[in-house]
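First comes the structure, then the notes that go with it.
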Amino acid sequence: MNLAVVVNPAARAGVGVPAAAEAVEALRDHGHTVAVISGGSAAETSALIRTALGHRIDGLVVVGGDGTIALAAQELAGTGIPLGVVPTGTGNDFAAHLGIPEVTPRRAAAVVHAGATRAMDLARVTRADGSSQLYTTVLASGFDSNVNDRANRMRWPRGHMRYNIAILLEFLFLAPLPFTVEVDGVRIDGPLVLASVANTRTYGGGIPICPAADATDGLLDVVVVRPGGRLRLLRLLPTLYRGTHVAHPEVETHRGRTVRLAAPGVTAYADGDPVGALPITVEAVPGALTVFAPAG
């Protein structure tokens, strides 16, 4: 195959650079032609990806985390050109969705070499000004978006533990918010602690916020958490990691094609990065992305 490899040199304190070298060597050993691209900013990376697509590549491989993968998904959506992943980010939730947890770069490259592909849904978020972008995993708003913001500002520790510590710190400032949520026209009013809109199951490095989400059903999964007192919500936190929080009375789950969120002063995050202030609209985009994934 004729492949392009996108490297995020900033991913998890620079581990993307040696990981990319190992992955590229493995792909070339398998006989593939590989071109390496690395931008100094999100805009430059997107421009380089568009240039690579203009050269009729057979696949695009991202060495990085969920943010860089999201950039690639914007450009690959609807093209049929498959996306491969060598996970080197902080959360790596997209890679986990594909069944590619944090493995060696050579093993991740072997998934691309095997050539098995499948289609998956994306989600499109549209802001109040009419601008929009796609995301791959989960959109967070409220408590969980504040956790994302705090985790992004932290320089220690690395990996999944950063989100765990950010959750505990943000819990100290927890306050319900006056949300309005609509799922296919059905209104769910606040106050709420958070509202998440999921294409895949996990965010924050493996937290199954929407454990029933299916990225091939053409629908979005919505989880809202109502206030229930600080002590009750503290007891809810451990269940998030098992996906059993959905059984608690403070938690509601919904499913639909279109979701609207509104709350004053809240910024939504998707794929670990800010996407805009509420109000926003999220729509499912069925089968928009083709991915390299382990067979079965």
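Rule-based calculations on the coordinates, nothing more; no lab input. Here the structure is a predicted model, which is why all the values come from computation and not from measurement. Every residue, glycine among them, receives a Cβ derived from its backbone with ideal geometry; neighbour counts consider all protein chains shown.
Key figures for this structure:
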quantity	calculated
Options Leu139, Leu174, Leu194: the member that is of a type outside the set (Lys, Arg), touching a strand residue (DSSP E or B) at 6+ places or on another chain (Cβ under 9 Å) and under 23 Å from Arg232 (Cα atoms)	Leu194
Filtered residue count, region 26-49, keeping only those that are loosely packed, with under 14 Cβ neighbours inside 10 Å, part of a helix (DSSP H, G or I) and in contact with a strand residue (DSSP E or B) (Cβ under 9 Å, 6 or more places away or on another chain)	1
Any hit, region 179-198, residues being under 25 Å from Ile100 (Cα atoms), free of Cβ contacts under 8 Å to residues at least 24 places away in the same chain and not hydrophobic (A, V, I, L, M, F, W, C)	no
Counted residues, region 63-97 - those being of a type in the set (D, E, K, R) and more than 11 Å from the chain's Cα centre (by Cα)	1
Ser141 surrounded by fewer than 16 Cβ atoms within 10 Å (Cβ to Cβ) and hydroxyl-bearing (Ser, Thr, Tyr)	no
Matching entry among Thr200, Thr216 (being within 15 Å of the chain's Cα centre (by Cα), of a type in the set (Ser, Thr, Tyr) and assigned to a loop (DSSP other than H, G, I, E, B))	Thr200
For Gly99: the one exception among (1) in contact with a Lys or Arg (Cβ under 9 Å, 6 or more places away or on another chain); (2) within 20 Å of Gly206 (Cα to Cα); (3) of a type outside the set (Phe, Trp, Tyr); (4) surrounded by fewer than 19 Cβ atoms within 10 Å (Cβ to Cβ)	(1)
